[in-house]
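**Q** One structure, as structure tokens, below. Some questions next.
The values are calculated or read from the model by the stated rules, or taken from the named source; none is laboratory data. Here the structure is a predicted model, which is why all the values come from computation and not from measurement. Glycine gets a Cβ as well: all are built from the backbone with ideal geometry, and neighbour counts include every protein chain shown. With ligands, DNA and RNA removed, areas are computed over all heavy atoms of the protein, side chains included. Shrake-Rupley method; radii C 1.70, N 1.55, O 1.52, S 1.80 Å.
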Amino acid sequence: MEDFIRKLPKVELHLHIEGSLEPELMFTLAERNNISLPYASVEEARNAYQFTDLQSFLDIYYQGANVLQTKQDFFDLTWAYLLRCQEDNVIHTEIFFDPQTHTQRGIPFATVVAGISDALEKAEKELGISSLLIMCFLRHLSEQDAFDTLEQAKPHLDKIVAVGLDSSELGHPPEKFSRVFSASRQLGLRCVAHAGEEGPPANIRSAIDDLHVERIDHGVKCASDRKLVDELARMKMPLTVCPLSNIKLCVFSSMEQHNFLYLLKKGVCVTINSDDPAFFGGYMTDNFLAVHKALNLTRPQLVQCTMNAIEACFLNQKNKKNLLKIVESYY
Ligand code: ADE
Ligand code: ZN
């Protein structure tokens, strides 16, 4: 079974590129850019990755991103993630980046996008991995800051498929960003948002009704509202679930307590993703293995996860069909 999971073609829809910064690369970039780190060693950094909730993680995650300064840094970060994709048989990936984390520090938007997209193009050519890029607004910052970021994105819209919403969910409900999401849609961008990670089911409803999202990132808190679960299934609203992340951030007390299988059986379009793999202890295969081990997913259920991700991805119908063929030929 482990071998089956390793070789299963996978599609990732929820990955923060800054969250794939492994401590080894963080140290390399800190040295390259003359930045001091609050850790004496890679081991000390890894030991510090103990979280009690989302905010305790975000504080460390934003600090780590400070080492990213140049186009080459963003290229190296993205390329390292894509090599992990190759190992895990990820055939398509849709990557989040947080422009405000970098522009706030004086790094130009163009530097960030250029480094990431050069790596994505190289991966398409050399590794056969397709990808799309999603720009996230940080929800703890103001609506105006999000509008300024959208303005900065305008020269780069050929490289960006969608906007997302991430960072601290509690106290920053989706409706705060209704207008900037509307403006994004008018520019042809698709919409997704983190909702129901730590926050209430009302945030999931707001993401759907106010932001008009096509996918919910996380969404696992829907389960406390049975009617919402049924609606999500009926609407075929995809949830990009991140199992290891949910355990690390104490959303569930153990993987055995995770509601992934419940949602799958309810007919919700759930997918498996890695979120911030350098901080949460695993990439795509690790997440599939952890869910299978704790919840005993069958082979057809595991294949369904990839099928769901293909259905939920932002590729055109022709490219989706090509991905489906790859999965069908596998089993
Ligand atoms: N930014 C990076 N990872 C995140 C997560 N899991 N939730 C919200 N914002 C994030
Ligand atoms: Zn996330």
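**Q** Just give me the residues in the range 301-324 being in a helix (DSSP H, G or I) and within 16 Å of the chain's Cα centre (by Cα), in sequence order.
**A** Selection gives Cys305, Thr306, Asn308, Ala309, Ile310, Ala312.
**Q** If Leu165 satisfies every condition in (1) part of a strand (DSSP E or B); (2) in contact with a Gly (Cβ under 9 Å, 6 or more places away or on another chain) but one, which is the exception?
**A** With respect to (1) part of a strand (DSSP E or B); (2) in contact with a Gly (Cβ under 9 Å, 6 or more places away or on another chain), Leu165 is out only on (2).
**Q** Consider the range 120-162. How many of its residues are touching a strand residue (DSSP E or B) at 6+ places or on another chain (Cβ under 8 Å), assigned to a loop (DSSP other than H, G, I, E, B) and under 18 Å from His194 (Cβ atoms)?
**A** Count: 3.
**Q** Give the residue that is nearest to Glu12 (Cα to Cα), with candidates limited to residues of the range 197-226 that are away from ligand 2 (no atom under 12 Å from the Cβ) and touching a Cys at 6+ places or on another chain (Cβ under 7 Å).
**A** Top of the filtered list is Glu214.
**Q** Let me spell it out: the conditions are (1) free of Cβ contacts under 8 Å to residues at least 40 places away in the same chain; (2) in a helix (DSSP H, G or I), and Leu297 meets all of them except one. Which number is the exception?
**A** The single condition Leu297 does not satisfy is (2).
**Q** Considering only residues that are open to solvent by less than 20 Å² (accessible area, probe 1.4 Å) and among the acidic types (Asp, Glu), look in the range 1-58 and name the one that is farthest from Ala290 (Cα to Cα).
**A** For the range 1-58, the residue satisfying everything is Glu18.
**Q** Right, here's the next one. So which pairs qualify, if the first residue must be in the range 91-118 and in a strand (DSSP E or B), the second must be of a type outside the set (A, V, I, L, M, F, W, C), the Cβ gap must be under 6 Å, and the two must be at least 6 apart or on different chains?
**A** Pairs that qualify, where the first residue is in a strand (DSSP E or B) and the partner is of a type outside the set (A, V, I, L, M, F, W, C), are Ile91/Pro9; His92/Ser130; Thr93/Glu12; Thr93/Ser131; Phe96/His16; Phe96/Gly164.
**Q** If you scan the range 169-184, which residues turn out to be part of a helix (DSSP H, G or I), touching a helix residue (DSSP H, G or I) at 6+ places or on another chain (Cβ under 7 Å) and open to solvent by less than 60 Å² (accessible area, probe 1.4 Å)?
**A** Pro174, Phe177, Val180, Ala183, Ser184
**Q** If you don't mind, there's one more thing I want to ask. List the number of the failed condition for Cys305; all other conditions in (1) closer than 19 Å to Asp217 by Cα; (2) surrounded by fewer than 21 Cβ atoms within 10 Å (Cβ to Cβ) hold.
**A** If we test Cys305 against (1) closer than 19 Å to Asp217 by Cα; (2) surrounded by fewer than 21 Cβ atoms within 10 Å (Cβ to Cβ), just (2) comes out false.
**Q** Looking at the structure I just gave you, is His212 within 15 Å of ligand 1 (Cβ to nearest atom) and closer than 30 Å to Lys154 by Cα?
**A** For His212, the condition - within 15 Å of ligand 1 (Cβ to nearest atom) and closer than 30 Å to Lys154 by Cα - is not met.
**Q** Out of Leu25, Leu77, Leu29, I need the residue that is part of a helix (DSSP H, G or I), over 30 Å from Arg299 (Cα atoms) and either within 16 Å of ligand 2 (Cβ to nearest atom) or touching a residue at least 60 places away in the same chain (Cβ under 8 Å) (or both). Which one?
**A** Result: Leu77 is the single residue among Leu25, Leu77, Leu29 that is part of a helix (DSSP H, G or I), over 30 Å from Arg299 (Cα atoms) and either within 16 Å of ligand 2 (Cβ to nearest atom) or touching a residue at least 60 places away in the same chain (Cβ under 8 Å) (or both).
**Q** Follow-up question, since we're still on this one. For the list (1) outside any helix (DSSP H, G or I); (2) away from ligand 2 (no atom under 16 Å from the Cβ); (3) not aliphatic (A, V, I, L, M), I need the number of the one condition that His14 fails.
**A** If we test His14 against (1) outside any helix (DSSP H, G or I); (2) away from ligand 2 (no atom under 16 Å from the Cβ); (3) not aliphatic (A, V, I, L, M), just (2) comes out false.
**Q** Quick one: would you say Gln104 is open to solvent by 10 Å² or more (accessible area, probe 1.4 Å), within 22 Å of Ile60 (Cβ to Cβ) and within 16 Å of ligand 1 (Cβ to nearest atom)?
**A** Here the answer is yes, as Gln104 does meet what is asked.
**Q** Further question: Scan the range 120-128 and give yes if some residue there is open to solvent by 10 Å² or more (accessible area, probe 1.4 Å) and in contact with a Pro (Cβ under 8 Å, 6 or more places away or on another chain), otherwise no.
**A** No, because not a single residue in the range 120-128 is open to solvent by 10 Å² or more (accessible area, probe 1.4 Å) and in contact with a Pro (Cβ under 8 Å, 6 or more places away or on another chain).
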